[in-house]
Amino acid sequence: MSERDDIYTEAHDRVADFEFNTAVARVFPDMIKRSVPGYAETVAMSGIIAARYAKPHTNIYDLGCSLGAVTLAMRHALTAEGCRIIGIDNSESMLERAGHYLALDDEGPAVDLVCADICEYPIENASVTALNFVLQFIAPEQRLALLSNIAAATCQGGALILSEKIAFSEDEQSIQDTLHHDFKRANGYSDLEIAQKRSAIENVLIPETEDVHRQRLLDAGFSNVIRWYQCFNFVSYLAIK
């Protein structure tokens, strides 16, 4: 059962870098619901998009699957025969809870949960891959290699769902940040919590501009890139091979 996110309610002399540990896994559904505008829509639409692009007898990947929300959305939506869903995350705490949620759900194709580094895991025979709010936590110099691996393993007509927090020009960035903080306040976060979370994540989550994302997806081997969703500085793309 998810608990309310209270990780940054108390003032800290030094705010440690953010990590997906046991404390975060405990409150993650509440944290992401109150922190990421449009998250529920992104999860639901990931399932719908996966159903459109999934090919029979292929693998469907959820990279950085965390608690398995997108994994479950895809599982419920898929209609192509013989598909297997593979959820990968490097946080044992996240996967432990994801396994619990999956055990309560027996609808749809088989699901494998794997604890691994998505930059090293061999992706193969893919038709759909979800990479939702994960690439931003990977070192920029490793991002093209990961996307190239995904593209190379994706069958013709397959797709990647990429959701990210993006960066803007200086003037727009200020407005988008203000609106995002207003969103957090409206969801019950205090200014202290917002400031401490920002300190924790600023050296861990490195956003890039839309132009950078689009060009890298094309360089990786995808032929068409569509922005299908945006709310403030959170964006989701569909990259089709």
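The values are calculated or read from the model by the stated rules, or taken from the named source; none is laboratory data. Keep in mind the model is a prediction, meaning the values are calculated, not measured. Here Cβ is always computed from backbone atoms with ideal geometry, including for glycine, and neighbour counts include all displayed protein chains. Note: areas computed on protein heavy atoms with side chains; ligands, DNA, RNA excluded. Shrake-Rupley method; radii C 1.70, N 1.55, O 1.52, S 1.80 Å.
Odds and ends about this structure:
- Residue match in the range 85-103 (condition: assigned to a loop (DSSP other than H, G, I, E, B) and at pLDDT below 95): no
- Verdict on Asp106 being farther than 17 Å from Ala50 by Cβ, in contact (Cβ under 8 Å) with a residue 12 or more places away in the chain and open to solvent by 20 Å² or more (accessible area, probe 1.4 Å): no
- You will find that of Glu3, Glu19, Glu10, the residue that is surrounded by fewer than 20 Cβ atoms within 10 Å (Cβ to Cβ), in contact (Cβ under 8 Å) with a residue 40 or more places away in the chain, out of contact with any Asp or Glu (no Cβ under 6 Å at 6 or more places or on another chain) and part of a loop (DSSP other than H, G, I, E, B) is Glu19 and no other.
- Odd one out for Ala40, checked against (1) free of Cβ contacts under 8 Å to residues at least 60 places away in the same chain; (2) not in a helix (DSSP H, G or I): (2)
- Looking across the range 55-84 at every residue that is assigned to a loop (DSSP other than H, G, I, E, B) and touching a Lys or Arg at 6+ places or on another chain (Cβ under 7 Å), the one that is farthest from Glu164 (Cα to Cα) is identified as Ala80.
Quick grid of which residues meet (1) of a type outside the set (Gly, Ala, Ser); (2) closer than 25 Å to Gln230 by Cα; (3) more than 18 Å from the chain's Cα centre (by Cα):
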site: Ala80; (1), (2), (3): no, no, yes
site: Ile85; (1), (2), (3): yes, no, no
site: Met94; (1), (2), (3): yes, no, no
site: His100; (1), (2), (3): yes, no, yes
site: Cys115; (1), (2), (3): yes, no, no
site: Ala126; (1), (2), (3): no, no, no
